[in-house]
Amino acid sequence: MKKMKEECLICKAPLEYLERDVPVECEICHKREMGKTRCVKGHYVCNACHMEGLDAVIGLCLDTASRNPIEILEGMMAQPFCHMHGPEHHVMVGAALLAACRNAGGKVDLQKALEEMMNRGRSVPGGACGFWGACGAGISAGMFISILANATPLSGEPFALSHQMTSKALGEIGAVGGPRCCKRDSFLSVLAAVDFVKEHFGLEMEKPDVVCTYASQNNQCIGKRCPFSPANH
């Protein structure tokens, strides 16, 4: 399969990341806002339109009995709403973990938890990995622990655990380095969370050996430097 050279959802042209926010208008919903990301031809798609159809995540997670969050995550990645890169991953990581955790015996009101994950994850914009210094996939893993442990800004141990989870996930992502790959960073975050939940909550989700099948869709694939590259397995 040839590498895809398109990234813009409108015209398939490469994306560019600007140094500062500029006025932009979404080509789909025509909402006007400030943004840093557009294609080289000037097209801009807002986060909400980029995540159109993401509500299907809730049904997918409620319908699975799998204890394997990678399997659940890849099921989401195969859906039409999921692109090679995008803020949808900021919801999907935490949602897959919530479903697998519940199926592994965790005390989770899954419907309620998924709705909360949807609300929180959607608030992390695309490009956070580069512009915030915190990948949304790693943040999503921290949100998962926050929901699982009922953390609030005033809680004690749950507050600590959610931060430790985010730190662990971001540490794994940072150790590999850039450029960004939403698939790689999602896998790293999920695998880190599986170990974290086993250690701190005594719940054992399945932890498979992950081999990437998305390299041909990623113009910035880092090849053998990626721990999930087929060349490393």
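The values are calculated or read from the model by the stated rules, or taken from the named source; none is laboratory data. Computed from a predicted model, the values in this text were never measured in an experiment. In this analysis, Cβ positions are derived from the backbone assuming ideal geometry, glycine residues included, and neighbour counts consider all displayed protein chains. In case anyone asks, the SASA skips ligands and DNA or RNA and just uses the protein heavy atoms, side chains included. Shrake-Rupley method; radii C 1.70, N 1.55, O 1.52, S 1.80 Å.
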Among (1) surrounded by 24 or more Cβ atoms within 10 Å (Cβ to Cβ); (2) over 17 Å from Val194 (Cβ atoms); (3) in contact with a Cys (Cβ under 8 Å, 6 or more places away or on another chain), the one test that Leu110 misses: (1)
The range 30-53, residues that are out of contact with any Gly (no Cβ under 8 Å at 6 or more places or on another chain) and within 19 Å of Glu7 (Cα to Cα): Gly35, Arg38, Cys39, Val40, Lys41, Gly42, His43, Val45, Ala48, Cys49, Glu52, Gly53
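Considering every residue within the range 103-121, establish whether at least one is assigned to a helix (DSSP H, G or I) and within 26 Å of Pro227 (Cα to Cα).
Residues of the range 103-121 that are assigned to a helix (DSSP H, G or I), as a first pass: 103, 110-121.
Those still in the list that are within 26 Å of Pro227 (Cα to Cα) too: 121.
Checking the range 103-121: at least one residue is assigned to a helix (DSSP H, G or I) and within 26 Å of Pro227 (Cα to Cα).
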Hits in the range 31-71 (condition: loosely packed, with under 12 Cβ neighbours inside 10 Å and within 23 Å of Pro14 (Cβ to Cβ)): Met34
The lone exception for Phe131 - which of (1) touching a residue at least 40 places away in the same chain (Cβ under 8 Å); (2) open to solvent by 60 Å² or more (accessible area, probe 1.4 Å); (3) farther than 30 Å from Ile222 by Cα it fails: (3)
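For (1) crowded, with 24+ Cβ neighbours inside 10 Å; (2) at pLDDT below 95; (3) of a type in the set (D, E, K, R), each residue gets a yes or a no:
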{"position": "Leu73", "(1), (2), (3)": "yes, no, no"}
{"position": "Met84", "(1), (2), (3)": "no, yes, no"}
{"position": "His89", "(1), (2), (3)": "yes, no, no"}
{"position": "Cys101", "(1), (2), (3)": "yes, no, no"}
{"position": "Gly105", "(1), (2), (3)": "no, no, no"}
Residue count, the range 168-203 (criterion: surrounded by 14 or more Cβ atoms within 10 Å (Cβ to Cβ) and more than 15 Å from Cys226 (Cα to Cα)): 13
Selection from the range 14-30 of residues that are at pLDDT below 90 and buried (at least 16 other Cβ atoms within 10 Å of the Cβ): Leu15
Residue selected from the range 150-166 under the condition in contact (Cβ under 8 Å) with a residue 24 or more places away in the chain and open to solvent by 20 Å² or more (accessible area, probe 1.4 Å), by the criterion nearest to His85 (Cα to Cα): Thr166
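Would you say Gly53 is part of a helix (DSSP H, G or I), without any contact (Cβ under 8 Å) to a residue 60 or more places away in the chain and within 26 Å of Ala99 (Cβ to Cβ)?
On the way: part of a helix (DSSP H, G or I): no; without any contact (Cβ under 8 Å) to a residue 60 or more places away in the chain: yes; within 26 Å of Ala99 (Cβ to Cβ): yes.
Taking the combined requirement at face value, the residue does not satisfy it.
When you go through Gly178, Gly171 one by one, which is the residue that is assigned to a loop (DSSP other than H, G, I, E, B) and within 30 Å of Gly35 (Cα to Cα)? Write out each step before concluding.
Values: Gly171 fails: assigned to a loop (DSSP other than H, G, I, E, B).
Residue meeting the stated conditions: Gly178.
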